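**Q** One structure, as structure tokens, below. Some questions next.
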Amino acid sequence: MKRFGITAVFTAALFTMTFGGVCVRAERGNYISMELVYDGSTHHYNAEEIKLKINGREPKALPMPPILLNDYTLVPAREVFENLGATVNWSPDNREVRVLHDGTDVVIKIDSSFATVNGDTQEMDIPAKIINDKTMIPLRFVSQAINKDVGWDALTRTVSVDDKPITATAAETTTETTTETTTAAVETTTVAPVTDKQQNISSISHIKGLGVDMIEINGDDYAPSADLTKSSDSTLLTIDIPNSTLTAEKKDFGDGIFVKKGYYYQLSQKIVRITVELSANVGCNVTKTDNTTTVILSEYNGTDFIDKADNNNPDVQDYSYVGNSYSFEGNKLIISDPDQKIDFERVQYNDNYLQGEMVLTIPADLTSALTDTSFKVGNDDIDSVDISCTPYNTVITVHENRILAVKTESAGNYKVFDLVRPKEV
């Protein structure tokens, strides 16, 4: 009997797993044993392990394992639902987590049994919790709210969340024939023409101008397409770039006129996503030049997305800025030009590189937008800028820290002079 008792002890021996720095003991009988801190106290958790699969794959490096509370499964919000293609945001002031996916907006308040789905209040079987400093939300409720299939395999104790099968519609079948008529119809439903060619997104940048925020998306081969979606309360803008691969370093940005913060990342194999948190409702406009797509966020005028194509180039949208002056952001001088006085072909560029100066002479009266001034820039490329205005011309002297070249862009009622290193031209 002693020998049998010793054998049983070894059979039930414990081994250790780690979830995002949290030490978890799991028995060989597929049990999870760990300490959970929530609701102001510590709880000992000991339950059979629940496996999770998303579209047939187990997500890697979860900061917390799926937790079973009151017979319902809670999972880490961001790591799980971003794997499903959703955008996940956390509001610390309101203690709310928001999940947005394909036009569905789910808002869940921590410790509340009620959530809103596209503004409609719905009751959940279990509230979301902050467990071990991680936001944990009900898996089944949120998955079904964003139109995912949820399955349960009792034999392996595996919960699965999958995209619902897409049934080809007549419109999709017609698009595949690629006739000239159907292509035109498809393009008018998007912000920019759709192409199936995969391309690299080499940079994404945020520029704060006068009364506007600009988000520039640079592709290697052509101006990328951009599909824009705003949340139901107009506090979140999602920009999806189809058929694209992000080669730029993933970064966050913020502190704009309307932008609180934003970030971009590779959402799926073919989609790069930009998520922008807004401080106010905005109008969104898009322009395309060469290989750059620019999303302009300006004061809301009753229209969410402006897509005017009544010009000779259907790829360039007509839009206007708020403000009547200039700004200098990064290496870009942005001048308000509502009367279209600036003609880039008539601007004279003199690179006095031995004196460390780049002089731009604009043969136009810009006194309504500019005044005689000097200001310090102080970055690696530019020391300072002097502006001199007369009723006949405007002279802009850039004091360089290195040799620079000038890229120009006409963006609606603004003209942009981008001072770049020669290899970037």
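**Q** Compute the FRET efficiency between residue 35 and residue 102 as 1/(1 + (r/R0)^6), taking r as their Cβ-Cβ distance and R0 = 25 Å, and round to the nearest 0.05.
**A** On the way: r = 38 Å, r/R0 = 1.50.
For residue 35 and residue 102, the calculated efficiency is 0.10.
**Q** So which trypsin sites (Lys or Arg not before Pro) in segment 35-88 are both in a DSSP loop and have at most 12 other Cβ atoms within 10 Å of their Cβ?
**A** 60
**Q** Let me ask you something else. Which GluC sites (Glu not before Pro) in segment 234-305 sit in a loop by DSSP (not H, G, I, E or B) and have at most 11 other Cβ atoms within 10 Å of their own Cβ? Don't jump to the answer; show the numbers that get you there.
**A** Details: sites: 249, 277, 299; in loops: 249.
Filter output for segment 234-305: 249.
**Q** Another one. Enumerate the residues in segment 380-414 having an amide nitrogen under 20 Å from the point lying 7 Å beyond the Cα of residue 234 toward its Cβ.
**A** Within reach of a label on residue 234, which here means backbone N under 20 Å from a point 7 Å along Cα→Cβ, segment 380-414 contributes nothing.
**Q** To continue, here is another question. Could you list log10 I(q)/I(0) for segment 42-136 at q = 0.10, 0.21 Å⁻¹, which the Debye formula gives when each Cα is one point scatterer?
**A** -0.27, -1.22
**Q** Whole-Hz ³J(HN,Hα) for each residue in segment 331-347, computed from phi via Karplus 6.51 cos²θ - 1.76 cosθ + 1.60 with θ = phi - 60°, x for glycine and proline: what do you get?
**A** In residue order, the calculated couplings are 10, 10, 9, 10, 10, 5, 9, x, 8, 6, 7, 8, 10, 4, 5, 9, 6 Hz.
**Q** Between residue 351 and residue 249, how high is the FRET efficiency from 1/(1 + (r/R0)^6) when r is the Cβ-Cβ distance and R₀ = 41 Å? Nearest 0.05.
**A** Numbers: r = 30 Å, r/R0 = 0.73.
After rounding, the FRET efficiency stands at 0.85.
**Q** Please find the FRET efficiency linking residue 48 to residue 114, where r is the Cβ-Cβ separation and R0 is fixed at 35 Å, and quote it to the nearest 0.05. Let's see the in-between values first.
**A** Values: r = 29 Å, r/R0 = 0.84.
About 0.75, to the nearest 0.05.
**Q** Show me 37-47, 375-385, 218-228 ranked by packing, highest mean number of other Cβ atoms within 10 Å first. The partial results should precede the final answer.
**A** Numbers: 37-47: 11.5, 375-385: 13.5, 218-228: 18.7.
Per-residue mean Cβ counts within 10 Å order the peptides as 218-228, 375-385, 37-47.
Where a number appears in this text, it was derived from the coordinates with a stated rule and is not lab data. Just so we're clear, the structure is a prediction, and the values are computed from it rather than from any experiment. Here Cβ is always computed from backbone atoms with ideal geometry, including for glycine, and neighbour counts include all displayed protein chains.
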